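None of the figures in this text is laboratory data; all of them are computed from the coordinates on show. Keep in mind it's a predicted model, so treat the numbers as computed, not measured. Ideal geometry is used to build each Cβ from the backbone, glycine not excepted, and the neighbour counts take in all protein chains shown.
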Amino acid sequence: MKQILWFRRDLRINDSAILANAKDEVLPIFIFDKNILDKLNKDDKRVTFIYKSVLKLKEDLKEIGLDLAIFYSTPKEVFETLKNQGFDSVLCSVDFDNYARKRDEAINKIIPMQTFTDSFITHPNNCLKKDNTPYKVFTPYYKNLEFIWESESLVLFERNKNLKKIEFDYDFVPTLQEMGFKKQKLPEFLEKSADELINEFSLKISDYQEGRDFFYKNSTSNLAVHLRFGLISPRELFNKIKKMRAIKSQKDFYIRELFWREFYNYILFHFPKSEFENLNEIKVDWNEDETVFQKWCEGNTGVPLIDASMRYFNETGTMHNRLRMIVSSYLTKNLLIDWKKGEQYFASRLLDYEASSNIGSWQWAASTGADAVPYFRVFNPYLQSAKFDKDAIFIKSVIPELKDVNAKLIHSENGVQSNMFLDYPKQIVSIEYSRNRAIEEFKRANNEKY
């Protein structure tokens, strides 16, 4: 038997479904997909991180007697080239976003595919209501999976140690420059392995449930990017969290967050149209003013917390989870701009971008998705900054012209603008007015639905 092992977002040899299920002769491959890369900015940090991770995977595979053939092409072109070389099947981890579905349908017609749920703990079809319909609310979904998250450990895949490497040209490795990209300086946490980050997190998990909301602190695990590209599996991460010497409630809270990731993947699988449409099918009269959207993108809204969050995001490709909720609420409610624009902007820059989580989170903030925030709940960015960054440490670190401004002014609407010595952008719209406008519009949209 001859099989192709197509590594995609599972860049590891531990707890690998395809290495466990493969048989006999194998050709491990990775494709730098032109369909994806051609749409990215040439300074995209994600490409540098993936490139580095792919080279590490190649070395790891060599250590177990295999290797990695690396292509810079489209998947269709690669498999059309390989189809006449006697391969029985392609093994890979499955994805459920629109591009991935169409890509895999096309490849399956060239060489039969075997897919595995290797980027998530559960397959979306394995958790349905008694009437065999999918959940749309997280809590009952989560309770249904209690037998998983209450367990002390999950079974990991064991690699088949009898695999034989197919003779192939494994020497070709395209450079970043040949693919049109420039090597980027990565954030410090991306220079560390998943195990290093887990060890660091073990020292601060005792404060996770409360500390994670304070965006000037480093209280989170910083593992989202490693999880996204499969440098560690969610099962292995689950087991390592469970083994930590820490208060059970703190560990359980982190595990619950892992299952929000599962839930959003579940929603995208069962409701694929939610990638492009409001899940709850309401029709909102969105604000189409492109200049307002651009001010949000650039971090020139006149609201210090929003501006700092977006400027930091543009510079680093990262954003604290609470800040994601605040800036998405501001865009979809205060500015009344379609969540899809925000989702696409995040998709173009977010280092840990995962279609299901990004789409699900934006629909949550916009009150259009599964188990979404009620439309009348609108985050006040000034109250949020005062509560979670009392001394404006984060804001001042990003916006240097505010470093000598009293924190109370920063947390007050138009407070910064009242300083005649500062040339700070005017607010696009008042918080109270825009909140009321959003509530009225969403009330209308929800009423018209019925």
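Going by a ≥ b ≥ c, the root eigenvalues of the Cα gyration tensor, does the chain fall in the rounded group (a/c under 1.5), the prolate group (a/b larger than b/c) or the oblate group? Prolate.
With springs only between Cα atoms under 10 Å apart, run a GNM on the chain and tell me which of 75, 28, 140 wobbles the most. Fluctuation is largest for 140.
Relative to the longest principal axis of the Cα atoms of the chain, the long axis of helix 234-243 makes an angle of roughly 70 degrees.
Could you point to the residue in 190, 211, 98 farthest towards the positive end of the range 95-216's charge dipole, with +1 and -1 charges on the Cβ of Lys/Arg and Asp/Glu respectively? The listed residue farthest towards the positive side: 98. The GluC sites (Glu not before Pro) of the range 254-301 that DSSP puts in a loop, and whose beta carbon has at most 12 other beta carbons within 10 Å, are 281, 288. If you sort the three axes of the alpha carbon gyration tensor as a ≥ b ≥ c, you get a/c of 1.5 or more for the range 86-199 and a/b above b/c, which makes it prolate.
Helix 339-349 and the long axis of the chain differ in direction by around 60°, with both axes built from C-alpha atoms. Our note on the geometry: Cα centres of the range 19-35 and the range 138-214, 19 Å apart. Anything over 24 Å Cα to Cα? Flag those among 143/273; 164/243; 23/240; 56/165; 129/341; 340/443, in the order listed. Long pairs (Cα-Cα over 24 Å): 143/273; 164/243; 23/240; 129/341. Relative to the longest principal axis of the Cα atoms of the chain, the long axis of helix 431-449 lies at roughly 60 degrees. Sequence-ordered 3J(HN,Hα) estimates for the range 95-100 from the Karplus curve with 6.51, -1.76 and 1.60 and θ = phi - 60° stand at 10, 10, 6, 4, 4, 5 Hz, glycine and proline given as x. Sorting 123, 270 from the fewest to the most surrounding beta carbons within 10 angstrom yields 123, 270. The aspartates and glutamates within cross-link reach of residue 390, meaning a Cα-to-Cα straight distance under 20 Å and a gap of 8 or more places when in the same chain, are 207, 210, 213, 307, 401, 404, 413. By the Kirkwood approach, averaging reciprocal distances over each pair of separate Cα atoms, the range 279-356 gets a hydrodynamic radius of 12.8 Å.
In angstrom, the C-alpha Rg and Dmax of the range 325-367 are 9.4, 26.
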